[in-house]
1. Can you send over the solvent-accessible area of residue 45, 1.4 Å probe, protein chains only, in Å² to the nearest 10?
2. Take each of the peptides 72-78, 269-275, average the number of other beta-carbon atoms within 10 Å over its residues, and list them starting from the highest.
3. Please work out the average accessible area per residue across region 51-183, using the 1.4 Å probe convention, and give it in Å².
4. Largest first, please: the extent of the C-alpha atoms of the chain along each principal axis, to the nearest Å.
5. Per residue of region 94-110, in order, report the coupling 6.51 cos²θ - 1.76 cosθ + 1.60 (Karplus, θ = phi - 60°) as ³J(HN,Hα) in whole Hz, putting x for Gly and Pro.
6. Going from most exposed to least, what order do 67, 262, 90 have by accessible area with a 1.4 Å probe?
7. For region 100-162, what is the charge dipole size about the Cα centre, in debye to the nearest 20, if Lys and Arg each add +1 at the Cβ and Asp and Glu each add -1 at the Cβ?
8. Rounded to the nearest 10 Å², what accessible area does residue 27 show when all protein chains are kept and the probe is 1.4 Å?
Amino acid sequence: MKKTVMTLQKQKQQGNKISMLTAYDYTTAKLMDEAGIDILLVGDSLGMVMLGYEDTLQVTMADMIHHSRGVARGAKEALVVTDLPFLSYHVSVAEAVLNAGRLVKEGLAEAVKLEGGMEFAEVIRGITRAQIPVVAHLGLTPQSVNAFGGFKIQGKSLTAAEKLVKDARAVEAAGAVAIVLEGIPAPLGAYITNQVQIPTIGIGAGPDTDGQVLVYQDMLGMFDELQPKFVKRFAEVGQLYREAFSKYQEEIQQGLFPTPAHSYTIDSEIMTALKAKEGENFAATE
Ligand code: KIV
């Protein structure tokens, strides 16, 4: 059965943890969907893990729509949430609503995510008014990397922790359906989770949020450029890929691939006739 924002709310009420993973293409989305993952997040982290950028700031609406469409086709049951990229919701509420609408109409998203707290309450209200569910993202919000002076854990001082609690309450009041909490101390993640009625989904926010999210290349050991403490590697797929690619390279060089088992046959008489005809044609043109 297709999961919706109502399913997430019910999961929080019943104490059933929510699972979320990033996804950027049809094949991976389908595998995650079959594994029962609740939410597939088409994160703007695709700028880093799919396109090789240093941060997420260069990601465009076109990038998000392109990847979101593939994920949506693979998500038969999982809810598809797609990120609004940097500067697509900062200029005006009207522009934010239009861009959120494009992620739904063209990207086939079922909800959108944006980074920011109370400063974006009006934007969340506007998008929600357009009947598009909004997930807010607080804490170590990667689109603020330059303002933060790097990818740094947030909410460690009393002032910063208080601001995050106020932000969580503000986005809930504005209509957000869930909150992603990234890179904050575990006790603060637990506290915020208890302060709001909507589900919280943590990434580096401790075990007591209502759900967890990871970037899939991180949890599969495929991306070594950043290795945050909060990542657990559930498999070493990067190493498996490397071994398989090397084996392919070697077997081509050694003539071990392809074998007859990977090849198509043809009646030998047809080949003989073909060669004879080719010979005639070649002679005729000399
Ligand atoms: O873009 C992304 O992948 C995200 C997750 C890290 C939550 O926002």
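1. That residue has around 20 Å² of solvent-accessible surface.
2. 72-78, 269-275
3. Each residue of region 51-183 exposes 42 Å² on average to a 1.4 Å probe.
4. Computed over the Cα atoms, the extents are 87, 40, 38 Å.
5. 4, 5, 4, 5, 4, 5, 4, x, 5, 5, 7, 5, 9, x, 6, 6, 9
6. 262, 90, 67
7. 80
8. Around 90 Å² of this residue is reachable by solvent.
The values are calculated or read from the model by the stated rules, or taken from the named source; none is laboratory data. Quick caveat, the model's predicted, so the values are computed rather than measured. All Cβ positions, even for glycine, are placed from backbone atoms using ideal geometry, and neighbour counts span all protein chains on display. When the accessible area is computed, the model is the full protein with side chains, heavy atoms only, and any ligands, DNA or RNA have been set aside. Shrake-Rupley method; radii C 1.70, N 1.55, O 1.52, S 1.80 Å.
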